[in-house]
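To start, the structure under review is shown below, and the notes come after it.
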Amino acid sequence: MLQTVSTILLFALQVLADPPGGSFTPRIVTKGYGNWSEAYEKARAFVCDLTLTEKVNLTTAHGTGVAVGYSFGVIPRKGFRGLAWDDSPTGVRGSDYSSAGAAGLNLAMSWDRELIYLQMMANGAEHKAKGLNGALAPVVGPLGRAPEGGRNFESYSPDPYLSGIAFGESIAGMQAGGTIAVGKHYILYEQEHFREVRETNDFGYSPFNITEPYTVSCDDRTFHELYLWPWYDAVQKGMAGVMCSYNQVNGTQTCQNDHLMNDILKGELGFQGFITSDDGSQHSGIASALAGMDVTGPGETSPNGIDGLGISFWGPNLTLSVLNGSVPEWRLDDMATRIMAAYYYLGQDHDFPDLNFGGGGTYPTFGFIYPNAKLDYQQINFHVDVRDAHADVIRAVGANSITLLKNVNNTLPLKKPRQIAVVGEDAGPSMYGPNGCADRGCNNGTLAMGWGSGSTNFPYLVDPLAAIQARALRDRTEVQYVLNNFFAKTQIDSIVQQATVSLVFVNADSGEGYIEIDNNFGDRKNLTAWGRGDDLIKEVAANCSNTVVVIHAVGPILMEEWIDHPNVTAALFAGLPGQESGNSLVDVLYGDVTPSGKLPWTVGKTREDYGTDVLYAPNAPVPHINFTEGLFIDYRHFDKAGIEPRFEFGFGLSYTTFEYSDLHIEKLSSPAVATPAASYAPQTTFNPQICPSSKLNPSDYTFPSTISSIPNFIYPYLNANVTYTSNAAAPSSSIAPAPAGPQGGPPELYAPLYSISFSLKNTGEVSGQEVSQLYVNLGNGEPIRQLRGFNKTMLAAGVEKTVTIELRMRDLSIWDVVNQEWVDVTTLGTTVELWVGASSRDLKLKGEIAAAGGYYQAAAAKTATATTLATSTV
Ligand code: NOJ
């Protein structure tokens, strides 16, 4: 597999070298992998041969006192070494000789399906090469309801369509790299404050005391059309694992929410893989098992965190629950089968590397396999270099995601400037080194990654100053710099007054709730630049008439204090680009790459303009967050409320210009009724009759005298003196397996109904890429405009091309809460307005799709009827 990955990357990188304008446009076909039916067959054969305790072992990680992280399911009798996994969306967390990629935010900013796929394939291949069966990534929850949300950067965009495409491509890429993608966090986990009792009460949120994690209320239509939407894409792409989140929904923990896991994820979406808890997001034993959870993450108890004591809701308690009938045996078989099906689906039964690192972020070569017990001292890190040529992909993502916000009089690209002044802490290295703070839990030097479990170790970090110096010297440009934001007014004034161009760097950070920086408890406490950023920019602009602002940030920042300053001649938003940060930036600053990123959210003029925010003070012992804004987050809210943003969703300038013309709408097929999932025969999921019943005799499951017990290790065995009452009539025994529909929901949803084509011309002087965006108004109380298609097109200067975007049934559908199904609005008599443009407010072409006037009972053949319904230009 590694070889395949290298070959594809090599091919991609040859293309990268290609046209001037430097666009990274490999055209590889997202390939499928695995086959669930076969995987299930193998999994059943494997699982039915296991004892009850062996099956329990598969479901329960061994606890935190194990150096190799989250491993579980060792079955010596079968020679099965068990499974292991690790974070994160940016790379293999806590390892060395692995890459540090760009954040999910940058993947979204790139709007580039191939680059998303390639970076995540590299990530998946690195996890595999370290011997990890799964990666706890990618992330689509939080979606980004409020811009302050601490983990938004791990994910993509508050727009569900863009997020769905990016999440789906990420899943496909990671799994093509050979590792199980564990998509997270399911679901409605939109803020860090109050996600866990222990963080809130013990880590300094005082005087707040909460008794349980926050609970979210969200209406069913909003749930389906916003927050659940991208999960459809992921399941359709074959996602093999899911992590349920910390929060509650309607007063029930997500990890014991029968409706969310059994009915929706495994039923409506046809999810075939397993669901694991997060660290401490499991709050019950029996309830979580019955509700559809399949693996307990670290294995140890919650609700107040991981205790490190080897006590589990499952492990021996699950053994007992099956013996006494509280959890039917078929459910345990189903859990084990789903886990093994994911393993076989990824082909991990062949040539899978041994786990070759452990020990967390400090990369010790030797250590205890069981650190809590100080047992088994041996080599735990073999320092395997898994980076391959991935740096090139990461650099390309960084460059092709940079979003140009302002560029007066062609300030950029730089043209051999005589003297450059580089100003700001964010331009240079951290005095503590790129990995100087655990889990990137500080903000020193240039910001290229957020903090928390979305981080990974940098193998190196090319800071902007280093890259600018290296590039500038080629032109004999003089480079001066000041990296102090607080006490260097004199030095700053002096260098920027001399400079031909001043580059001033600012940033804003956030991360996961277990780390606090400057009173940002994961979530940002405001939307302004950190470290006196606004003052720094104003100081430079007051002294230099050619000031270029570079922003590294986790999301939108407020820019009103300086963006209109006449001396601010250009501004770039660079997100969190990972290890190649400086190189990616230089590629764009010097025009080797024409900027092509577009904003995946809105930049507002005030924080209040967004209409949504984090709940910072609990409103009850169980904080309650009501998503009353419904469908109207980010640009949907700005449009509805008539608020002028600073930069709208989808905005991004280029060094060239594009002209749109000649819109055609072609009808490909008629909408079909999307058959509800429940009416499909269960697909490949569990058949309760498949495994013969185990001997339910407790003496067979007591701690074997042949092994000596390791302290704080979670075993599946019962204590010798345990007694239980068989309770075959327990209410739980009547629960049935989730009726799984087809993977990704009804296939009709994905049928292309219309082909929208138009002409796109590069009218400037350099080649570049344009992200054309398709917006629709679906009527029926839907947003004024919502994204339902995009295409990133590379065009050489002067070249014109026809661009085509397909609209699928789901793109024209709303969720019918009464009938619990997707309905194409044209069948409701709605005429759909559509626009093609360069952003959500720079709409170039307009057309409409006439109401279809009723349901079509069967999917019509997918032949083009060549009906042009409307063509017009605004
Ligand atoms: C908690 C985080 O919420 C989750 O994203 C991560 O995968 C686990 N910790 C493991 O680090």
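The values are calculated or read from the model by the stated rules, or taken from the named source; none is laboratory data. What you are looking at is a predicted structure, and each value in this text was computed from that prediction instead of being measured. Heads up, the Cβs are rebuilt from the backbone with ideal geometry, glycines too, and the neighbour counts pull from every protein chain shown. Ligands, DNA and RNA are excluded from the accessible area calculation, which covers all protein heavy atoms including side chains. Shrake-Rupley method; radii C 1.70, N 1.55, O 1.52, S 1.80 Å.
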Among the residues in segment 333-343, are any under 30 Å from Glu192 (Cα atoms), within 16 Å of the ligand (Cβ to nearest atom) and either crowded, with 24+ Cβ neighbours inside 10 Å or not assigned by TED's automatic domain parsing to the domain that holds Val47 (or both)? no
List every residue pair whose Cβ atoms lie under 6 Å apart, where the two residues are 6 or more positions apart in sequence or sit on different chains, the first residue falls within segment 468-483 and is under 25 Å from Leu447 (Cβ atoms), and the second residue, located anywhere, is charged (D, E, K, R) and open to solvent by 30 Å² or more (accessible area, probe 1.4 Å). Leu483/Glu425
For segment 609-624, enumerate the residues that are within 26 Å of the chain's Cα centre (by Cα) and surrounded by fewer than 24 Cβ atoms within 10 Å (Cβ to Cβ). Asp609, Gly611, Thr612, Asp613, Val614, Leu615, Tyr616, His624
When you go through (1) open to solvent by less than 10 Å² (accessible area, probe 1.4 Å); (2) assigned to a loop (DSSP other than H, G, I, E, B); (3) modelled with pLDDT of 90 or more one by one for Ser23, which number turns out not to apply? (3)
Here are Ala736, Ala740: which of them is open to solvent by less than 10 Å² (accessible area, probe 1.4 Å), modelled with pLDDT under 85 and not assigned by TED's automatic domain parsing to the domain that holds Gly847? Ala740
Can you tell me which residues in segment 232-256 are over 20 Å from Ser284 (Cα atoms) and more than 16 Å from the ligand (Cβ to nearest atom)? Tyr232, Asp233, Val235, Gln236, Lys237, Gly238
Among (1) within 16 Å of the ligand (Cβ to nearest atom); (2) within 17 Å of the chain's Cα centre (by Cα); (3) in a helix (DSSP H, G or I), where does Ser163 come up short? (1)
Within segment 284-301, which residues are in contact (Cβ under 8 Å) with a residue 60 or more places away in the chain, of a type outside the set (Asp, Glu) and within 16 Å of the ligand (Cβ to nearest atom)? Val295, Thr296, Gly297, Pro298, Gly299
For segment 142-165, pairs from a residue that is within 16 Å of Glu225 (Cβ to Cβ) to a residue that is open to solvent by 10 Å² or more (accessible area, probe 1.4 Å) and hydrophobic (A, V, I, L, M, F, W, C), with Cβ under 7 Å and 6 or more apart or across chains, are Gly144/Trp601; Ser157/Trp601; Pro158/Trp601
Enumeration of residues in segment 532-547 that are open to solvent by less than 10 Å² (accessible area, probe 1.4 Å) and part of a helix (DSSP H, G or I): Gly533, Leu536, Ile537, Val540, Ala541
Quick check on segment 52-82: of everything there that is assigned to a strand (DSSP E or B) and more than 15 Å from the ligand (Cβ to nearest atom), which residue is nearest to the chain's Cα centre (by Cα)? Thr60
Asp278 vs (1) within 16 Å of the ligand (Cβ to nearest atom); (2) under 30 Å from Pro746 (Cα atoms); (3) open to solvent by less than 10 Å² (accessible area, probe 1.4 Å): all pass except (3)
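To keep it simple, each residue is scored yes or no on (1) outside any helix (DSSP H, G or I); (2) crowded, with 24+ Cβ neighbours inside 10 Å; (3) under 12 Å from the mean Cα position of the chain (by Cα).
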residue	(1), (2), (3)
Ser88	yes, yes, yes
Leu105	no, yes, yes
Ala122	no, yes, no
Lys128	no, yes, no
Pro142	yes, yes, yes
Ala146	yes, yes, no
Ser157	yes, yes, yes
Only one residue in Phe458, Phe521, Phe486 is within 16 Å of the ligand (Cβ to nearest atom), in contact (Cβ under 8 Å) with a residue 12 or more places away in the chain, among the hydrophobic types (A, V, I, L, M, F, W, C) and open to solvent by 10 Å² or more (accessible area, probe 1.4 Å), so which one is that? Phe521
So, of the residues in segment 183-222 that are assigned to a helix (DSSP H, G or I) and open to solvent by less than 10 Å² (accessible area, probe 1.4 Å), which turns out to be farthest from the ligand (Cβ to nearest atom)? Thr222
Residues satisfying the stated conditions in segment 249-266, i.e. surrounded by fewer than 24 Cβ atoms within 10 Å (Cβ to Cβ) and more than 18 Å from Leu631 (Cβ to Cβ): Asn250, Gly251, Thr252, Asp258, His259, Asn262, Asp263, Ile264
Would you confirm whether any residue within segment 504-525 is part of a helix (DSSP H, G or I) and among the β-branched types (Val, Ile, Thr)? no
Which ranges mark the strands (runs of 3 or more DSSP E) fully within segment 783-823 that have 1 or more residues being open to solvent by 20 Å² or more (accessible area, probe 1.4 Å) and under 24 Å from Ile665 (Cβ atoms)? 786-795, 800-808
Just checking, which of Ser157, Ser170 is modelled with pLDDT of 95 or more and within 16 Å of the ligand (Cβ to nearest atom)? Ser170
Single match in Ile380, Ile394, Ile420, Ile402 (criterion: farther than 26 Å from Glu126 by Cα and more than 16 Å from the ligand (Cβ to nearest atom)): Ile420
Restricting attention to segment 566-598, which residues are open to solvent by 10 Å² or more (accessible area, probe 1.4 Å) and in a strand (DSSP E or B)? Thr569
